[in-house]
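Have a look at the structure below before the remarks.
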Amino acid sequence: MTDTPKDSIRDRLKSPADTGDANAGGDSRGSDVTDASFQQTDSRAELAAHGRDERQHGSASAPVPHAASHLRHEDLSEAAARAAERKVAALFLLSVLGVVGFVVTYFVVPFKYAESPDNRWFTPLLAVFMALALGGIGAGAVKWAKTLMVDEEAVQERHGFASEADERDATGQAIMAGFEQSGLPRRKLLRNTLLLGAGSLALLPLPLLLDLGPYPHKERALRRTAWKKGVRLVRRNGTPIRLGDLALGSLETVYPDVPGGIHMADAPTMLIRMQPDELIPRKGREDWSVEGHIAYSVICTHLGCPVKLYEQQTHHLFCPCHQSTFDAANGAKVVFGPAARSLPQLAISVDADGYFVAQGDFPEPVGPSFWERNSS
Amino acid sequence: MTILGKGAAGTGKWVDDRLGSSNFVRRSLNKVFPDHWSFMLGEIALYSFIILLLTGTYITLFFDASMREVVYNGSYVPLKGVTMSEAYASTLNISFDVRGGLLMRQIHHWAALLFLASIVVHLMRVFFTGAYRKPREINWVIGTLLLVTGILEGFAGYSLPDDLLSGTGLRIASGITQSIPVVGTWAGFLLFGGEFPGTAIVGRLYAVHILLIPLLILGLITFHMMMIWYQKHTDFPGPGRTEDNVVGSRMYPVYAAKAGGFFFLVFAVLALLGGLAQINPIWLYGPYDASQVSAGSQPDWYMGFLDGSTRLMPNWEIHAFSHTIPINVMLPTVVLPGILFTGLGMWPWIEQWITKDKGYHNLLDRPRDKPMRTALGAMSISFYVMLLIAGGNDIIASIFSISVQTITHTLRAAIFIVPPLVYFATKRFCLGLQHADHELVHHGIESGTIRRLPSGEFIEETVGLPVPYQITLTGVEPSERPALHAGESPEGPGYGDKQLVTVHDGDPVLEAPRRPRGFFRDKTISRKEPVRPEATMPPLESSGKPRSQ
């Protein structure tokens, strides 16, 4: 809850006389006064007097900082209080208006997508009326508290937290006494079996948690994908790709031609075509590409995002998640970013019908690193 | 009124007959809360959480946390006939076919952002004013836990719709889990029920998001509030405010009206945001597909710093003994937040260890008066902000046409260079502000009056600060500061014209109005050692004027 903004010290000091009439409520505490009148006024007189060091700074005619009064207009004038009450009431009524508007909007304005071009007004209107309904009550309550409720400065003592020393001792003794009385310190057998029993109880939920998923070492799921020797490379719509279908310099996302192939998270692969002489095949992989067509896993070796932003001129593949960049012409080696390993390459060939097929699975696990992974 | 009064009395009697609660209720109603704008930051977090519960409950009525594949056939034409998970389809449904569903969903999302934002800003307030010092270390730890659970809750929540953006986030989360040595692969498989993505994660996150973490947060918040209630709120120093008292308005009616009204105001702002400012338009992203991603994908803001640390990290990976340790993933996403949040939670003890200050502190510090702490805080913020910038490096690159590599390389250097500079600058800044306070106290305020001395010399007269303001600025030791204990004579120093109430053992005692409290009302006391107010507070006469009511 904020207080009403107050002028800075300097503002107050600039021209005290200008603001002198601001508090013409009959209360001298609110008005600006010169040093002379300060001596006669009640509260601020002392305040000012104590605040000034005559020997160092002051002279009788020096203006004195205007001590702010916290009497509110509403405290001083019944008319102001009534005006404030009316404002609060208006805010409360705004809530009623908001609720009415909300209900009317809810039932009258079309809301379904594409049902009517007017539907674009539904959510904004609903929100505005809802905000009026909530804000009216909220603003009213705050204004009420700030203008009409008792304006008080209450003081409450804090209590210390630490107990007396003998209190602490007594409590400690009570705990120790109970411990003794339970027999635990003396009866070693009891103590040891209790610890054993409670300790083994903690193991009870473990098997339940261990069955939350299959065990990775049995599944080998991270190490293999659906790619096999002879599996065709198909587009998202399931059509196979023939040699020559792909324009030079283009990239096509391909999936294994197996049931559910396009929904497998580790299988997406990209087939890229470039000039055959631009390709620098890795040692032993000279026959993994076909006439400038080369295939890499789409899944980033860093954290698994699809790396598909392809820069034709540089043959760079860019991951939008963490900006790892791979050189497609050069074995998809990392040229920038946090990824540590090249994208796995899929060996491809062309089958008897002229369609691209895989020569086998990826030679290494696809995607992010994991502890049991043993190739680099 | 009499009927109302009778009813209230009857209800009160009924309750008191059974619970004997009168004394407790009266003490609670008269509890005094100090007033300062910065104390409402935590309130915003509390209210956002309540709004999250309300809107979240509504969304659960329509959301189906299943990864079963369905063909969408709702109102949103562009996605008609697309195969997607039930979770994504039901989120589309909430957005397009449930009347007011989009508003509720967007308020929920905005409230989540505000919840974490207000926690972070509240944390900064508590840090820079030293509110966490003894005896409030426990609440600091609870607050840290609330920040961490809030981040996890937010991530679990925005992962539920199973759209392309959140699915990519889950893909990254799965990679991060896998990066932990020895147990990572197992943890990932148990979490996802097999290899990513599996069919279990959305349902499991749903249980976590609507039951597990909300309960945890609710419990932590309850404990947080109980501690504030029991230990009483800290207060900024000022005339009449000591280590031994609380000065402010009572719980009932003023504080309750202000705080209650503020809840509705926060809700109103969130309603406006939810209806006028689009957030997380999942229908534009499409359903999750492992082979698709949008350029410029960004997580919710509170995850941004981790995204940034991941982007800045060089590509270090260890291959040894048939095992892989991806330092490039583990360090920025597991180790770094681990260190940051552990350090944050332990900060009160770290500071105690540095300062050897084991005393109670109910009065807050002004940041300038603790240059080391303030500088450390500013340094940490600069570190965090740079991670946040790094998290948006692709966006910055495209807006300002700078290469993303340049930004990354620059930030890799800056993250080590800038924080120390910020530390140094902040410390100098604090010391400079302290000097300004010295000036004001020792030489007073420039009056604008030029006087000519008989010798011909011109001097500008200055006006000494009134004592309460000196107290505010210079900081006397609590023992030396004019105390305003409960029950003491009302003629204490420097008070406003507010009606004074001393709450003693739960019973308010009305007192004569006090003298003006002055223009430093919202300012606070500096607690510098060397400066003392030149005038001590002599007993003042009562103004004797009753307040016009």
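The values are calculated or read from the model by the stated rules, or taken from the named source; none is laboratory data. Source: prediction; values computed, not measured. Positions of Cβ are backbone-derived with ideal geometry, glycine not excepted, and every protein chain shown enters the neighbour counts.
Consider B:S382 carefully, then state whether it is of a type in the set (S, T, N, Q) and surrounded by fewer than 19 Cβ atoms within 10 Å (Cβ to Cβ). So B:S382 does not fit the description; no.
Can you report the number of residues in region A:248-279 which are aliphatic (A, V, I, L, M), touching an Asp or Glu at 6+ places or on another chain (Cβ under 9 Å) and at pLDDT 90 or above?
Of all residues in region A:248-279, those aliphatic (A, V, I, L, M) come to A:248, A:251, A:254, A:258, A:262, A:264-265, A:267, A:270-272, A:274, A:279.
Then keep just the ones that are touching an Asp or Glu at 6+ places or on another chain (Cβ under 9 Å); that gives A:262, A:265, A:270-272.
If we keep only those that are at pLDDT 90 or above as well, we get A:270-272.
Residues in region A:248-279 being aliphatic (A, V, I, L, M), touching an Asp or Glu at 6+ places or on another chain (Cβ under 9 Å) and at pLDDT 90 or above: 3 in total.
Within region B:40-65, track down each residue that is more than 30 Å from B:F264 (Cβ to Cβ) and in contact with a Ser or Thr (Cβ under 7 Å, 6 or more places away or on another chain). Passing the criteria: only B:D64. Residue count for region A:240-262, restricted to those that are more than 21 Å from A:G292 (Cβ to Cβ) and either free of Cβ contacts under 8 Å to residues at least 24 places away in the same chain or out of contact with any strand residue (DSSP E or B) (no Cβ under 8 Å at 6 or more places or on another chain) (or both): 4.
Determine, yes or no, whether B:G444 is within 11 Å of chain A (Cβ to nearest Cβ) and without any contact (Cβ under 8 Å) to a residue 24 or more places away in the chain. Yes; evaluated as a whole, the condition is true for this residue. Among the residues of region A:221-242, is there at least one that is within 30 Å of B:V183 (Cβ to Cβ), under 43 Å from the mean Cα position of the chain (by Cα) and facing chain B (nearest Cβ under 9 Å)? Looking through region A:221-242, at least one residue is within 30 Å of B:V183 (Cβ to Cβ), under 43 Å from the mean Cα position of the chain (by Cα) and facing chain B (nearest Cβ under 9 Å).
If the condition is being in contact (Cβ under 8 Å) with a residue 24 or more places away in the chain, of a type in the set (G, A, S) and within 14 Å of another protein chain (Cβ to nearest Cβ), then region A:333-376 contributes A:G337, A:A339, A:A340, A:S342, A:G367, A:S369, A:S376. When you scan region A:159-176, do you find a residue that is hydroxyl-bearing (S, T, Y), surrounded by 10 or more Cβ atoms within 10 Å (Cβ to Cβ) and closer than 30 Å to B:D235 by Cβ, even just one? Yes; the residues of region A:159-176 include at least one that is hydroxyl-bearing (S, T, Y), surrounded by 10 or more Cβ atoms within 10 Å (Cβ to Cβ) and closer than 30 Å to B:D235 by Cβ.
Residue-wise test of (1) under 22 Å from the mean Cα position of the chain (by Cα); (2) away from chain A (no Cβ under 14 Å).
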{"position": "B:I327", "(1), (2)": "no, no"}
{"position": "B:G338", "(1), (2)": "yes, yes"}
{"position": "B:L363", "(1), (2)": "yes, no"}
{"position": "B:I381", "(1), (2)": "yes, yes"}
{"position": "B:L387", "(1), (2)": "yes, no"}
{"position": "B:N393", "(1), (2)": "no, no"}
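Of all residues in region B:227-271, those satisfying the criterion of being surrounded by fewer than 24 Cβ atoms within 10 Å (Cβ to Cβ), more than 8 Å from chain A (Cβ to nearest Cβ) and hydrophobic (A, V, I, L, M, F, W, C) are B:M227, B:I228, B:W229, B:F236, B:M251, B:A256.
Restricting region A:146-180 to residues that are in contact with a helix residue (DSSP H, G or I) (Cβ under 7 Å, 6 or more places away or on another chain) and in contact (Cβ under 8 Å) with a residue 60 or more places away in the chain leaves a set whose member that is farthest from A:S95 (Cα to Cα) is A:D151.
Within the bounds of region B:281-296, is there any residue that is farther than 28 Å from B:S90 by Cβ, surrounded by fewer than 22 Cβ atoms within 10 Å (Cβ to Cβ) and touching a strand residue (DSSP E or B) at 6+ places or on another chain (Cβ under 9 Å)?
Here is the first cut: in region B:281-296, the ones farther than 28 Å from B:S90 by Cβ are none.
No, that holds for no residue.
One residue alone among A:G101, A:G138 is of a type in the set (G, A, S), in a helix (DSSP H, G or I) and within 10 Å of another protein chain (Cβ to nearest Cβ), and that residue is A:G138.
For region B:300-324, taking the residues that are at the interface with chain A (Cβ under 10 Å from one of its Cβ atoms) and part of a loop (DSSP other than H, G, I, E, B), the one that is surrounded by the most Cβ atoms within 10 Å (Cβ to Cβ) is identified as B:M313. Of all the residues in region A:121-151, those that are modelled with pLDDT under 85 and surrounded by fewer than 21 Cβ atoms within 10 Å (Cβ to Cβ) number 1.
Among the residues of region A:290-305, those identified as closer than 27 Å to B:T324 by Cβ and touching a helix residue (DSSP H, G or I) at 6+ places or on another chain (Cβ under 8 Å) are A:I294, A:Y296, A:H302, A:L303, A:G304, A:C305.
If I filter region A:246-283 down to residues being of a type in the set (D, E) and surrounded by 17 or more Cβ atoms within 10 Å (Cβ to Cβ), which single residue comes out as nearest to B:A290 (Cα to Cα)? Working first, answer last.
From region A:246-283, those of a type in the set (D, E) are A:252, A:257, A:266, A:277-278; that's our starting set.
Going one step further and asking which of them are surrounded by 17 or more Cβ atoms within 10 Å (Cβ to Cβ), we end up with A:252, A:257, A:266.
Numbers: A:E252: 15, A:D257: 16, A:D266: 8 Å.
By that ranking, first place goes to A:D266.
Scanning region B:119-141 for residues that are buried (at least 21 other Cβ atoms within 10 Å of the Cβ) and within 23 Å of B:V208 (Cα to Cα) yields a total of 1.
For region B:418-461, taking the residues that are in contact with a strand residue (DSSP E or B) (Cβ under 6 Å, 6 or more places away or on another chain) and among the hydroxyl-bearing types (S, T, Y), the one that is surrounded by the most Cβ atoms within 10 Å (Cβ to Cβ) is identified as B:S447.
Exactly one residue out of B:S48, B:S95 is under 28 Å from B:G198 (Cα atoms) and assigned to a helix (DSSP H, G or I): that is B:S95.
Residues of region B:273-293 being within 7 Å of chain A (Cβ to nearest Cβ) and assigned to a loop (DSSP other than H, G, I, E, B), which ones?
From region B:273-293, those within 7 Å of chain A (Cβ to nearest Cβ) are B:274-276, B:290-293; that's our starting set.
Hits for region B:273-293 are B:A290, B:S291, B:Q292, B:V293.
Just for region A:104-135: of the residues that are among the β-branched types (V, I, T) and assigned to a helix (DSSP H, G or I), which one is farthest from the other protein chains (Cβ to nearest Cβ)? Before the answer, list the steps.
So in region A:104-135, the residues among the β-branched types (V, I, T) come out as A:104-105, A:108-109, A:123, A:128.
With assigned to a helix (DSSP H, G or I) added as a condition, the list becomes A:104-105, A:108, A:123, A:128.
Details: A:V104: 13, A:T105: 9, A:V108: 11, A:T123: 5, A:V128: 7 Å.
Here the residue is A:V104.
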